[in-house]
Amino acid sequence: MPPDPKKTQDAMIVLLREVAREEILSRFLHARRSYKSDGSLCSEADIATQKALATRLPSIIEAPVIGEEMDEAEQKRGWAESENDSSGLWCFDPIDGTTNFINGLPLFTVSLAWMQYGKPRVAVTYNPISDEMFYAAEGQGSYLNGMRLPLRKVSPEIGHAIADIDFKRIPSKLGDRIVEAPPFYSQRNLGCSTLEWCYLAAGRLDIYLHGGQKLWDYAAGELILKEAGGAACTLEYDDFDAGDIWTRSVLAALHPAVFSAWKNWVRG
């Protein structure tokens, strides 16, 4: 952990709000789209936000930086440099939900985690449209704008659950089972992984399934959910951290009974 986790968390919150105002909100509804080599969307706001964060994060803690819009070699070099260094690693997604952002859908975030020895220790995820700041520090609980998460008591029955499922990245047979005989009440997909983790932690969603997230998609959300009392694993491993660092599946829930039922159903 950093010498003063609360001070670090507060500085991260201030930074994300300032950068979102300067680089993201100023371009909302005016951003020009472009495409990366893998075919995914990008925008000038993604690039500007990444540059601003990479420049200003060392003033909080001097540590290697990994951002989504860096090239793969830079990302892997930053991870390697941090593995045995107590100064840790900054991992962020400058805009998660870029497609939503470009199309004017108000479901996108800037998400940031400070990691140490491969684990998230302090996490902040911010939706600048709703002005909702989700944050957590290891062992200190999760919060939304000062309110302890979860926001409500959730049902222990999977039949009452609202599920968030990314059908694009799960095995087709599993997707067919979910469509034909879902064990839950209803299904959503927000198109913003970092926000989906936070909505799960808040109790706005009950269960979650994603076939493959990048490090910056799950780094902050994993801690925010854990500190809210939720649990996560992968499709293959009970230990979430055993999954591949760079592309990791997610199977998660807030209530422990629902998590057990969901994991057993998905793997059954």
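Cβ-Cβ contacts under 9 Å between residues 6 or more apart (or on different chains), taken from a first residue in the stretch 176-190 that is over 11 Å from D166 (Cβ atoms) and touching a residue at least 12 places away in the same chain (Cβ under 8 Å) to a second residue that is acidic (D, E) and open to solvent by less than 30 Å² (accessible area, probe 1.4 Å), are listed as F184/D206; Y185/D206. Checked against (1) farther than 22 Å from A253 by Cβ; (2) crowded, with 21+ Cβ neighbours inside 10 Å; (3) of a type outside the set (D, E, K, R), A73 meets all criteria but (2). For the stretch 1-33, a residue qualifies if it is more than 28 Å from E62 (Cβ to Cβ) and touching an Asp or Glu at 6+ places or on another chain (Cβ under 8 Å), and the qualifying residues are R27, A31, R32. Can you tell me which residue in the stretch 173-185 is surrounded by the fewest Cβ atoms within 10 Å (Cβ to Cβ), limited to those that are in contact with a helix residue (DSSP H, G or I) (Cβ under 9 Å, 6 or more places away or on another chain) and part of a helix (DSSP H, G or I)? Restricting to residues being in contact with a helix residue (DSSP H, G or I) (Cβ under 9 Å, 6 or more places away or on another chain) and part of a helix (DSSP H, G or I), the top hit is V179. Note on the stretch 33-42: residues that are at pLDDT below 75 and open to solvent by less than 40 Å² (accessible area, probe 1.4 Å) amount to 1. Confirm whether W246 is over 19 Å from the mean Cα position of the chain (by Cα) and modelled with pLDDT of 95 or more. So W246 fails the test.
One line per residue, one yes/no per condition, for (1) among the β-branched types (V, I, T); (2) in contact with a Leu (Cβ under 6 Å, 6 or more places away or on another chain); (3) under 20 Å from K226 (Cα atoms); (4) open to solvent by less than 10 Å² (accessible area, probe 1.4 Å):
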position	(1), (2), (3), (4)
A31	no, no, no, no
A48	no, no, no, no
A80	no, no, no, no
W114	no, no, yes, yes
V122	yes, no, yes, yes
M133	no, no, yes, yes
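Inclusion of K173 among residues that are under 19 Å from Y208 (Cα atoms), modelled with pLDDT under 95 and basic (K, R) is not warranted. For N145, state whether it is open to solvent by 20 Å² or more (accessible area, probe 1.4 Å) and within 30 Å of E72 (Cβ to Cβ). Taking the combined requirement at face value, the residue does not satisfy it. Mind checking which residues of the stretch 148-172 are in contact with a helix residue (DSSP H, G or I) (Cβ under 9 Å, 6 or more places away or on another chain), over 20 Å from T194 (Cβ atoms) and open to solvent by 50 Å² or more (accessible area, probe 1.4 Å)? Those that are in contact with a helix residue (DSSP H, G or I) (Cβ under 9 Å, 6 or more places away or on another chain), over 20 Å from T194 (Cβ atoms) and open to solvent by 50 Å² or more (accessible area, probe 1.4 Å): R152, P156, E157, H160. Only one of the numbered conditions (1) of a type outside the set (D, E); (2) buried (at least 21 other Cβ atoms within 10 Å of the Cβ); (3) touching a Leu at 6+ places or on another chain (Cβ under 8 Å); (4) under 16 Å from F28 (Cβ atoms) is not met by N100, and that is (2). Considering the stretch 186-268, the qualifying helices (runs of 4 or more DSSP H), each wholly inside and each with 1 or more residues that are within 23 Å of L89 (Cα to Cα) and open to solvent by 10 Å² or more (accessible area, probe 1.4 Å), run over 193-202, 215-227.
The set of residues in the stretch 103-112 that are open to solvent by 10 Å² or more (accessible area, probe 1.4 Å) and either free of Cβ contacts under 8 Å to residues at least 40 places away in the same chain or touching a Pro at 6+ places or on another chain (Cβ under 7 Å) (or both) comprises N103, P106.
The values are calculated or read from the model by the stated rules, or taken from the named source; none is laboratory data. These figures come from a predicted structure and were not determined experimentally. Positions of Cβ are generated from backbone atoms using ideal geometry, with glycine treated the same way; all protein chains shown enter the neighbour counts. With ligands, DNA and RNA removed, areas are computed over all heavy atoms of the protein, side chains included. Shrake-Rupley method; radii C 1.70, N 1.55, O 1.52, S 1.80 Å.
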